[in-house]
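J.: Before I ask anything, let me first share the structure, which is written out below as C-alpha cells.
The values are calculated or read from the model by the stated rules, or taken from the named source; none is laboratory data. Source: prediction; values computed, not measured. With ideal geometry, Cβ positions are generated from the backbone for all residues, glycine too; neighbour counts draw on all protein chains shown. Please note that ligands, DNA and RNA were not included when accessible areas were found on the heavy atoms of the full protein model with its side chains. Shrake-Rupley method; radii C 1.70, N 1.55, O 1.52, S 1.80 Å.
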Amino acid sequence: MRLVQFCHRGGEVGVRVGVEQAGGQGVIDLKAFDPSMPSTMREFLEMGEKGMDCAKRALSSGQHVVAQTDVRLLSPVTGPEKVVCVGMNYKDHCLEQNAPIPKEPIIFSKFPSTITGPYDDIILPAESQEVDWEVELAFVIGQKGKHIKEEEALSYVAGFTVANDVSARDWQMKRNGKQWLLGKTFDTFCPLGPALVTTSALKDVHNLGIRCLVNGAVVQDSNTNQMIFQTEKLIAWVSQFVTLCPGDVFLTGTPPGVGVFRNPPVYLKIKSG
C-alpha cells in the first residue's frame, strides 16, 4: 500500500490519512471510509494492525475516492517524536570524499520542524550561502520498541519513503564547533514523501535506484545496495540508546553527487524570476 497524508485543495477539510489507488486514480479518504480513523499519520500508526487492516479494507472497497487533482499531498508523517539521521552510510559517498568506511553507524538528528511536504518550497535561509542537497531513503517506525533485535527489526517498520537531507554546509562543516545539528535543521530542510510505501509492498528495499535532480539535471544517481548499515542494523543500533515510537523517521544516508564535493562546489540558489 501507498499511505499518504493530504488535505483537500478546497480547504474545507483538515489533514487526512489516505491510501493511494493504483495508477494514480485517486486517494481513498480513510476517515470518510471509517469515522473512527484518526486524521494524522502518526495517530494512524499508533493504532498498529487495526489501522493497517482498515486501510486494506478501504483500498479494496474503492469507496470515498478523492481525485488526485483535488488532493494536496503533505509529508506522509508530520510531528514525529524523532528524526534520526545517518551520516556517511553509502560506500560510494565515502569514496567521493576519500573518507574511511565507518565501522559503526554515525548518528545525528534533525528537529521535526524541518519536515515539509514533497512539493513544498525549500526556504533558503539568509544565514547560509552553502545550502546543499542529499537524497535519502527514509523509513518510518510503526511500533514502539527498545533493544530491538536485528532479525526482528523490519517488523517495526511501517514503511519507506523518500527524503532530502537539505544541509547548510557552512554551518555543518565550519561553524557551531563543526557539530552538524544547526546546519541540518533550518526550517524546511527535510522534504519528505510523497507516499509511505508499506514494507510488504517492496521486494528488496536494499536494491533500489536512488537519485536527485536539480534544475532537471541528475546530480545523484546510485543504488541502496551501496548502504553500509542497512535498515535492520540501524534500528537495532539506535534502539540501544532510545525507545523508538510510531511515526519516528529515519533518514538512512546519501549517495555521492552532493554539491559540496564538486570541483568547484555547487550550492542551491534562488533563481532570478
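J.: For the stretch 112-234, just say rounded, prolate or oblate: build the C-alpha gyration tensor, square-root its eigenvalues into a ≥ b ≥ c, call rounded for a/c under 1.5, and beyond that prolate if a/b exceeds b/c, oblate if not. Show your work: numbers first, answer last.
T.: Values: a/c = 1.91, a/b = 1.54, b/c = 1.24.
Note, shape of the stretch 112-234 comes out prolate.
J.: Can you list the lysines whose alpha carbon is less than 23 Å from that of Lys82, not counting same-chain residues fewer than 8 positions off?
T.: Lys110, Lys144, Lys146, Lys149, Lys178, Lys184, Lys233
J.: Let me ask something else about it. Would you rank Met37, Met88 by solvent-accessible area, highest first, keeping every protein chain in place and using a 1.4 Å probe? Before the final figure, lay out the partial values.
T.: Details: Met37 5, Met88 35 Å².
Sorted by accessible area, descending: Met88, Met37.
J.: Sticking with this structure for a sec: Determine the distance separating the Cα centre of the stretch 180-258 from the Cα centre of the stretch 85-129; give it in Å without decimals.
T.: Between the Cα centre of the stretch 180-258 and that of the stretch 85-129, the gap is 9 Å.
J.: Per residue, how much accessible area does the chain show when a 1.4 Å probe rolls over the protein heavy atoms, in square angstrom?
T.: Numbers: 12750 Å² over 273 residues.
Accessible surface, normalised per residue, equals 47 Å².
J.: In the stretch 197-256, what percent of the accessible surface is made up of carbon and sulfur (1.4 Å probe, ligands and nucleic acids excluded)? Show your work: numbers first, answer last.
T.: Numbers: 1200 of 2470 Å².
Ligands and nucleic acids excluded, carbon and sulfur give 49 percent.
J.: Next up: Is the C-alpha gyration tensor of the stretch 2-73 telling us rounded, prolate or oblate? Criteria: a/c under 1.5 is rounded; beyond that, a/b larger than b/c is prolate, otherwise oblate.
T.: Oblate, because a/c is 1.5 or more while a/b does not exceed b/c.
J.: Within 10 Å of each candidate Cβ there may be at most 16 other Cβ atoms; applying that plus a DSSP loop requirement, which GluC sites (Glu not before Pro) in the stretch 51-138 survive?
T.: Details: sites: Glu81, Glu96, Glu127, Glu130, Glu134, Glu136; in loops: Glu81, Glu127, Glu130, Glu134.
Sparse-neighbourhood loop GluC sites (Glu not before Pro): Glu81, Glu127.
J.: Could you compute the FRET efficiency for Val214 and Ser61, with r as their C-beta to C-beta distance and R0 at 35 Å, rounded to 0.05? Mind showing how you got there, number by number?
T.: Values: r = 41 Å, r/R0 = 1.17.
Approximately 0.30, to the nearest 0.05.
J.: Can you run the Rg to Rh ratio on the stretch 66-126? Use alpha carbon positions and the Kirkwood inverse-distance Rh.
T.: Rg/Rh for the stretch 66-126 comes to 1.12.
J.: While we're on this one: So if R0 is 41 Å, what FRET efficiency would Met173 and Ser39 give, r being the distance between their Cβ atoms, rounded to the nearest 0.05? Can you show the working numbers first?
T.: Working: r = 40 Å, r/R0 = 0.97.
After rounding, the FRET efficiency stands at 0.55.
J.: Sticking with this one: For the stretch 75-123, build the charge dipole from Cβ charges (+1 Lys, Arg; -1 Asp, Glu) around the Cα centre, then report which of Ser75, Pro118, Cys94 sits farthest towards its positive end.
T.: It is Cys94, whose Cα lies furthest towards the positive end.
J.: Once you have the Kirkwood Rh of the chain from its Cα pairs, apply Stokes-Einstein at 20 °C and 1.002 mPa s and quote D in µm²/s.
T.: Numbers: Rh = 19.3 Å.
This corresponds to a translational diffusion coefficient of 111 µm²/s.
J.: Between Ser39, Ser60, Ser239, where does the largest GNM mean-square fluctuation fall for the chain, given springs only between Cα atoms within less than 10 Å?
T.: Answer for the Gaussian network model of the chain: Ser60.
J.: Can you tell which of Val197, Val166, Val242 shows the greatest fluctuation in a Gaussian network model of the chain with Cα springs below 10 Å?
T.: The residue with the greatest mean-square fluctuation here is Val242.
J.: Then there is this: Only loop residues by DSSP count here, and only those with at most 15 other Cβ atoms within 10 Å; note down the chymotrypsin sites (Phe, Trp or Tyr not before Pro) in the stretch 201-256 that meet that. Don't jump to the answer; show the numbers that get you there.
T.: Numbers: sites: Phe229, Trp237, Phe241, Phe250; in loops: Phe229, Phe241.
Passing both the DSSP loop test and the Cβ count: Phe241.
J.: Quick one: accessible surface of His64, probe radius 1.4 Å, all protein chains present, in square angstrom to the nearest 10.
T.: Only protein atoms counted, so the area is about 90 Å².
J.: When the accessible area of the stretch 1-144 is computed with all protein chains present and a 1.4 Å probe, what percentage of it is carbon and sulfur?
T.: Values: 3440 of 6690 Å².
C and S atoms contribute 51 percent here.
J.: Compute the signed sum of charges (Lys and Arg +1, Asp and Glu -1) over the other residues within less than 13 Å, Cβ to Cβ, of Cys245. Mind showing how you got there, number by number?
T.: Working: positive: Arg42, Lys82, Lys144, Lys146; negative: Glu43, Glu46, Glu81, Asp248.
Once positives and negatives cancel, what remains is 0.
J.: Using θ = phi - 60° and the Karplus relation 6.51 cos²θ - 1.76 cosθ + 1.60, list the HN-Hα couplings for the stretch 113-128 in order, rounded to whole Hz, with x at every Gly or Pro.
T.: 5, 6, 5, 9, x, x, 10, 7, 6, 8, 8, 7, x, 5, 6, 9
J.: How high is the relative contact order of the chain, in percent, with contacts defined as C-alpha pairs under 8 Å that are six or more residues apart?
T.: Details: 626 pairs, mean separation 65.6, N = 273.
In percent, rounded to a whole number, it is 24.
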